[in-house]
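Below: the structure, in structure tokens.
What follows is calculated from the coordinates using simple rules that are stated; it is not laboratory data. What you are looking at is a predicted structure, and each value in this text was computed from that prediction instead of being measured. Here the Cβ is made from the backbone with ideal geometry for all residues, glycine too, and neighbour counts use every protein chain on show.
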Amino acid sequence: MRTLFPSYIRVPILFFIVAGIVEYFVDSGDKPAFIENPYVGLFLLLVLILIIAIEVIVSALENVMFQTLTEEEKQRYLESKNKEPQFTKLKKIYLKLLGSKPIEEESEIILDHNYDGIRELDNSLPPWWVYGFYVTIFFAVFYLFKYEVFNGDSQVTEYENEMAQAEKDIAEYKKNAKNLVDINTVTLLTDAGDLSAGKKVFMTNCVACHKADGGGGIGPNLTDPNWILGGGIKNVFRTVSEGGRSGKGMVSWKKEGLKPLEIAQVSSYVLSLEGTTPAEPKAPEGDVWVDESAPAESGDEAPAEDTETETVPEQAVEN
Ligand code: HEC
């Protein structure tokens, strides 16, 4: 390594290897470690100084030793040093690709004519250029066959495919995002698919206590406007996911393994039962639920209108 690379390459390479290792092992989140943690920067600075110091010391030692040699030995040392490989392979490849004649052999390729003392060399094309040209020919044939003969996707089709894929990904994401609902984001689901999924959950888990038609048994009647623990999607969602009052028998379905989306679906289904007439309804328990947050739609019309007339002037003042 010492003989292959000069020090101005050796020092940065060593330094960046160390910095890379540090970056890999120090957990610094998105930011580089030396910005996140000043001690890492300090450490890297020390490493850099150390590497430079070693370089300086080694070359100084070399120098001192060189001075102790006799003239003849100095000569021999310099010769051997020059013989040491310095990218000789790369240099050879470079010269070969360049393909130019060495200046001593130029007489072989010089052309006859002489324009006021300006003469011309008949150089052959540089190999790097020729190979590049072959590559373009190969590329052209490949391109012709792929896109013109075998009708590969054009840019427009590629674009459309990507857009279609993106739409699929978004739909997929939304499906999962639906599963992230919680008490704060849950809304009443009215989609037929969601309701039938909710019905399925209800039939599997809830009929034992609430009956298939929601008329109630061990659990209260879910079809009347009366709610013990509060009606509306948020309260029902909370009751189903957290459970009822302790000891009453309504467990936390979150803990029983229902997913947030399933809880939202079954809650919406339960709310869709309100107003239906079950076969053997259990007597109403709890209070009639009036939704104060939503102005309309809350079943009972009189209070709904009340809230509306109350809020309108307030809003007008605010605006
Ligand atoms: C083991 C019997 C049992 C099962 C199974 C059961 N519940 Fe209940 N549920 C009850 C009882 C008892 C209550 C009353 C809780 C209270 O008074 O605190 C109740 C209350 C409720 C309430 C609140 C009613 C109100 O008036 O506030 C809802 C909503 C409800 N259950 C939905 C469900 C859903 C949805 C399922 C199925 C995922 C389910 N329950 C499964 C027994 C059950």
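Tabulated data for the structure shown
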quantity: Anchor Lys74: lysines whose Cα lies under 23 Å away (excluding residues fewer than 8 positions away in-chain); calculated: Lys83
quantity: Orientation-averaged projected area, Cα convex hull of the stretch 135-285 (nm²); calculated: 14.0 nm²
quantity: For the chain, built as a Gaussian network whose Cα springs stay under 10 Å, the top-fluctuating residue of Ser196, Ser272, Ser80; calculated: Ser80
quantity: Extension gain (nm, one decimal) between Gln155 and Thr68, 0.36 nm per residue minus Cα-Cα; calculated: 24.2 nm
quantity: Sparse-neighbour loop sites [trypsin sites (Lys or Arg not before Pro); the stretch 239-286; at most 11 other C-beta within 10 Å; DSSP]; calculated: Arg245, Lys255
quantity: Fewest-first ranking of Phe34, Phe87, Phe150, using other Cβ atoms within 10 Å as the exposure measure; calculated: Phe150, Phe87, Phe34
quantity: Cα gyration tensor of the stretch 17-78 - equivalent ellipsoid semi-axes, whole Å, descending; calculated: 42, 11, 6
quantity: Trypsin sites (Lys or Arg not before Pro) lying in DSSP loop within the stretch 121-199, provided at most 14 other Cβ fall within 10 Å; calculated: none
quantity: Length added when fully stretched, Glu23-Leu90, from 0.36 nm per residue minus Cα-Cα; calculated: 21.0 nm
quantity: From phi via Karplus (6.51, -1.76, 1.60), per-residue ³J(HN,Hα) for the stretch 267-277 in Hz, x at Gly/Pro; calculated: 5, 5, 5, 4, 5, 6, 7, 4, x, 7, 10
quantity: Residue-by-residue Karplus 3J(HN,Hα) for the stretch 147-164, coefficients 6.51, -1.76, 1.60, Hz, glycine and proline x; calculated: 9, 9, 8, 9, 6, x, 4, 7, 4, 5, 5, 4, 4, 5, 4, 5, 5, 4
quantity: Per-residue Cβ neighbour rank within 10 angstrom, fewest leading, Met250, Met163; calculated: Met163, Met250
quantity: Charge tally in the Cβ shell below 9 Å around His113, where Lys, Arg are +1 and Asp, Glu are -1, His113 excluded; calculated: -1
quantity: Footprinting exposure proxy for Asp291, Asp112 (fewest neighbouring C-beta atoms within 10 Å first); calculated: Asp112, Asp291
quantity: Semi-axes of the equivalent ellipsoid for the stretch 23-117, Cα gyration tensor, largest first, Å; calculated: 48, 30, 12
quantity: Estimated Rh, the chain: Kirkwood, alpha-carbon pairs, angstrom; calculated: 30.5 Å
quantity: Long-range HN-HN contacts of Ile110 with modeled amide H, under 5 Å; calculated: Asp122
quantity: ³J(HN,Hα), Karplus 6.51/-1.76/1.60, whole Hz, each residue of the stretch 126-135, x for Gly, Pro; calculated: x, x, 4, 6, 4, 4, x, 5, 4, 4
